[in-house]
Every structure is written in structure tokens, then in C-alpha cells.
Number of protein chains: 2
Amino acid sequence: MTKLLLATRNQKKLGELRRILEAEGIAGIEVLGLADVDEFPEAPETAPDFEGNAVAKARDAVAATGLPAVADDSGLAVDALNGMPGILSARWSGRHGDDDANLDLVLAQLTDTPDDRRGAAFVCAAALVLPSGEETIVRGEWRGTLLRARRGTHGFGYDPIFVPDGETRSSAELEPSEKDAASHRGRALRALLPALRDLAKA
Amino acid sequence: MTKLLLATRNQKKLGELRRILEAEGIAGIEVLGLADVDEFPEAPETAPDFEGNAVAKARDAVAATGLPAVADDSGLAVDALNGMPGILSARWSGRHGDDDANLDLVLAQLTDTPDDRRGAAFVCAAALVLPSGEETIVRGEWRGTLLRARRGTHGFGYDPIFVPDGETRSSAELEPSEKDAASHRGRALRALLPALRDLAKA
């Protein structure tokens, strides 16, 4: 059984990766989270892009544990804000992790933005780093349109104002399994599957 | 004497354009402001770029008054924010015209941005529209670096955190005449001089 560290303390993210591996018939990988290994200092996210933050997190995890590691960084790229909040999505209002303040600020900034210019994408970069130094970096995107007020209670972050292309519901109105199947994180993790399949065989 | 309407109520902007015309030896143009003409409804600034807002303002002024008109739109383009706040500079915090809140938000968003990635540019688009329909649109940029706290009491907007390239003082520590000579607005207005010279001769 090959151990793989997912550099997160979020149980939902751990469950998601385990489900994806199982659905793809990839056996032989045991997914651990940060709670399952000795604590190590986590560097601040200072890269200029999602990919840089994801790979830095994965490298730190490999260096600290010696295990193969996957890490991700994700956010909302708003067309009318030139792709921001982007890597600053979780701290857009200046208050780190304050989902309500961050979402309210985006809505306020887009007050004068007409309906035909409210496009956006959820973006997720995921990186797999092996102890050998081999690195695989992928990106998943989920395009949609931004509402003018919240709808729905599922999800987190900007989900209540994001309507995926082809949908009428916001991503906070989708069932969690529907969101898994379509989301930027799901797309990025599935893009890692060939590399994870190699890892399972090794 | 050719009348020229500068679509602003800001007496400093009127004085600046008059000084530039005088310094260039362009006689024969009388610069009026919005306070000197009958009121007309001003459209909201909804273009996706500075140029679009400037030319829309100038067109509205020409349509309402029949006079040749100059209008400008300007803002701060921050590299680490992909060029934002940009056209949203005056309403970045969601509170239109609240300079303090807008500046504080940019500082908060750049908390984790290292010193070597704090580049920015003040940008100004200016448009001259003639009653004949002829339009001249120009852009002036003023590059610099953003501080982590305010310095200086001159100027307005983001001046207290902007240090122009080649300077050690913030643009709020420059004398107004020094700022005039170097600034994005000065550059844009000077780029309009050939067209204004033609207008003076006409």
C-alpha cells in the first residue's frame, strides 16, 4: 500500500480524493491528511499564481514527511476584475477566511458591471510531488456567471453567487455530489489520475 | 477664441489644463468646466476600460453642449492585482469616493505581497471629442511601487502609498507642480496637445 499525503486538514477534501481514486479503480493508495502526520511549519502562500502555491505546499509536505504529497490552491477568477480575487480569494477583503466579507466585497465591486460581463471561473491548481523530485502540476477550471445576491446554502466561499455554465442553480444549490462531479477541484484531481495510477503501480 | 469644455467640476483639473496650454504657447482656447455650462445628465461609468469611460464622458458633453470636449478617466493599476483596481479605483471598497477605505483595502490585499512584486501604475485616459465627431484618445502612465503604509499629505486617492520610479518620496510628498510635471494626467493631457493645437488654429 503506497501512502499519499494530501496536504489539507479538511476531511471533505480527503473524502473527495478517496472517492475519486475508488471510482477510477485505483487501489493500492492510502490517502493521509495533515492530521495523520507529525506537524510541520506551513509556509505562507506567496506565489504569484495558483500553481506556484500548490506546488510549494506539496514540496513542503514531501520535505517534512518523505511521503508523496498532493496539494491544491484554488479561487475565483472574475473576468471584470481581470481574474482577481484569484490567489487572494480567501483574503480578498483583507480578512483571511471571512467568506461573508469576501463575497460581499466582490458583489459591491461588481455593482455597476452589467449582466453580460459577469463571467467568472473557479480555478484549482493541484500538484503531485514525489520524494524523487518528480512533479506533476495540473489545473481545473469551472466557468459560470456571477449573481447579484446569494442563493443556496451548500458549499462555501463564493458558491452562493456562482451559477455554472449550463446550470440555472448556483453552486450552493447543487448537491455536493453534483458539485464534486463538475467542479474545478474535481477536474484538477481527475487530471492527476494518470500520475496517481503510476504511483499506485510503483 | 475657441471654447473647450473639460468635463469636470474639479477646479484643480481646470487649472492644470489651462497651465499646460499656456506653457505650450497654445493661445486661442478658452477652457470651461461643467460649472460653466447648463447641467446635463451624466451617464454612469460602465465601460470596461479607462479609454471607454473617457470617450463616453466626452461624447455626452459634446452632445449636451455642442462644444468640443475633453474628458478623462484614471486609476491605479496594481501588478499583483492584475491591473485592478483600475477603472474601479474610486469604488474599490464598494464605497464610491471613500479614498481612505479604498486605499486601506489595497494595502490589506497586498499584505502578503513581497517588496519586489509591489509594482503599480497610475493610468489616465483622456479623450478629445469634436462636434464634427472627430475623436482623439490618449493614455498616460506613471509607474512606481506601493508602500505598506501612507506617507505624505498632498494629492488624493492612492497618492500616499505610491512612490514613482526614480523617486524616494510618495506622490503625496511631491509638490503639486512636481506631480503635474510627472503624473499620468499630465502625460495624457500633453499627449492631446497636437490635437488641441489644431483645434486652436481651426
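The values are calculated or read from the model by the stated rules, or taken from the named source; none is laboratory data. Please read all numbers here as calculations on a predicted model, not as lab measurements. Backbone-built Cβ (ideal geometry, glycine too); neighbour counts: all protein chains shown. With ligands, DNA and RNA removed, areas are computed over all heavy atoms of the protein, side chains included. Shrake-Rupley method; radii C 1.70, N 1.55, O 1.52, S 1.80 Å.
Return the chain A residue and its Cβ-to-axis distance, rounded to the nearest Å, for the rotation relating A to B.
Whole-Å result, nearest residue of chain A to the axis: A:N82, 2.
Go through region B:64-93 and flag every residue whose accessible area shrinks by 40 Å² or more with all protein chains in place compared to the isolated chain (probe 1.4 Å).
In region B:64-93, residues shielded by partner chains: B:N82, B:M84, B:L88, B:R91, B:W92.
Pop a pseudo-label 7 angstrom from the Cα along the beta-carbon direction at both A:A43 and A:A27 and give the gap in nm to one decimal.
3.8 nm
Give the total of Lys-Lys pairs in region A:2-201 with Cα-Cα distances below 22 Å; include a pair only if its members are 8 or more places apart or on different chains.
Lysine pairs, 8 or more places apart or on different chains, close enough: 8.
Excluding A:V37 itself, calculate the net charge of residues whose Cβ lies under 13 Å from the Cβ of A:V37, where each Lys or Arg counts +1 and each Asp or Glu counts -1.
-4
Report the Stokes-Einstein translational diffusion coefficient (µm² s⁻¹, integer) for region A:1-151, Rh taken as the Kirkwood radius over Cα pairs, at 37 °C with viscosity 0.692 mPa s.
Reported coefficient: 195 µm²/s.
Which net charge results when you count Lys and Arg as +1 and Asp and Glu as -1 among the other residues whose beta-carbon is under 12 Å from that of B:A172?
-2
Could you run the Karplus curve 6.51 cos²θ - 1.76 cosθ + 1.60 with θ = phi - 60° over region B:186-202 and give me ³J(HN,Hα) per residue in whole Hz, x for Gly and Pro?
Going residue by residue, I get x, 5, 5, 5, 5, 5, 7, 4, x, 5, 6, 5, 4, 5, 4, 6, 5 Hz, with x marking Gly and Pro.
Please say if the protein assembly as shown is rounded, prolate or oblate, where rounded means a/c under 1.5 for a ≥ b ≥ c the square roots of the C-alpha gyration tensor eigenvalues, and otherwise the choice is prolate for a/b larger than b/c and oblate otherwise?
Since a/c reaches 1.5 and a/b is larger than b/c, the shape of the protein assembly as shown is classed as prolate.
Using protein heavy atoms only (no ligands, DNA or RNA), what is the total accessible area buried between B and A, 1.4 Å probe, nearest 100 Å²?
Chains B and A together bury roughly 1500 Å² of accessible area.
Averaged per residue, what accessible area in Å² does region A:1-119 show with a 1.4 Å probe, protein chains only?
46 Å²
So what are the ³J(HN,Hα) numbers for region B:26-35, from phi and the Karplus equation (6.51, -1.76, 1.60; θ = phi - 60°), rounded to whole Hz, Gly and Pro as x?
My calculation for region B:26-35 gives 8, 9, x, 10, 9, 8, 9, x, 4, 5 Hz in order.
Restricting attention to region A:1-94, which trypsin sites (Lys or Arg not before Pro) occupy a DSSP loop and are surrounded by at most 15 other Cβ atoms within 10 Å?
Qualifying residues, ordered by number: A:R9.
Take the Cα coordinates of region A:15-89, assign each an equal point scatterer, and use the Debye formula without solvent to give log10 I(q)/I(0) at q = 0.15, 0.16, 0.23 Å⁻¹.
-0.66, -0.73, -1.06
Where in region A:159-202 does the label zone of A:E134 land, with the point 7 angstrom along Cα→C-beta and an amide N cut-off under 15 Å?
A:192-202
Sorted by accessible area (1.4 Å probe), largest first, how do B:S170, B:S74 line up?
Final ranking, largest accessible area leading: B:S74, B:S170.
Determine the relative contact order of chain A: mean sequence separation of Cα pairs under 8 Å and six or more apart, normalised by residue count, in whole percent.
Result for chain A is 19 percent.
Net charge near A:R151: determine it from the other residues with C-beta under 12 Å of the C-beta of A:R151, scoring Lys and Arg +1 and Asp and Glu -1.
0
As a check on your grasp of the helix formula, calculate [θ] at 222 nm for the protein assembly as shown: sum -39500 (n - 2.57) over DSSP H runs of n ≥ 4, divide by the residue count, round to the nearest 500.
Per the formula, -9500 deg cm²/dmol.
To the nearest 20 debye, what is the magnitude of the charge dipole of region A:99-202 about its Cα centre, counting +1 on the Cβ of each Lys and Arg and -1 on the Cβ of each Asp and Glu?
With Lys and Arg at +1 and Asp and Glu at -1, about 240 debye.
Using only Cα atoms and rounding to the nearest 10 degrees, what angle (0 to 90) does helix A:50-65 make with the longest principal axis of chain A?
So the inclination is approximately 30 degrees.
Could you work out how far apart the two model spin labels at A:A63 and B:H154 are, taking each label as a point 7 Å from the Cα in the direction of the beta carbon, and quote it in nm?
For the pair A:A63/B:H154, the computed spacing is 4.6 nm.
Give me the percent of the accessible area of region A:2-201 that comes from carbon and sulfur atoms, probe 1.4 Å, all protein chains in place.
Of the solvent-accessible surface of region A:2-201, carbon and sulfur hold 50 percent.
As a test question: what accessible area, to the nearest 10 Å², does B:D36 have when a 1.4 Å probe is rolled over all protein chains in place?
B:D36 exposes around 90 Å² with every protein chain in place.
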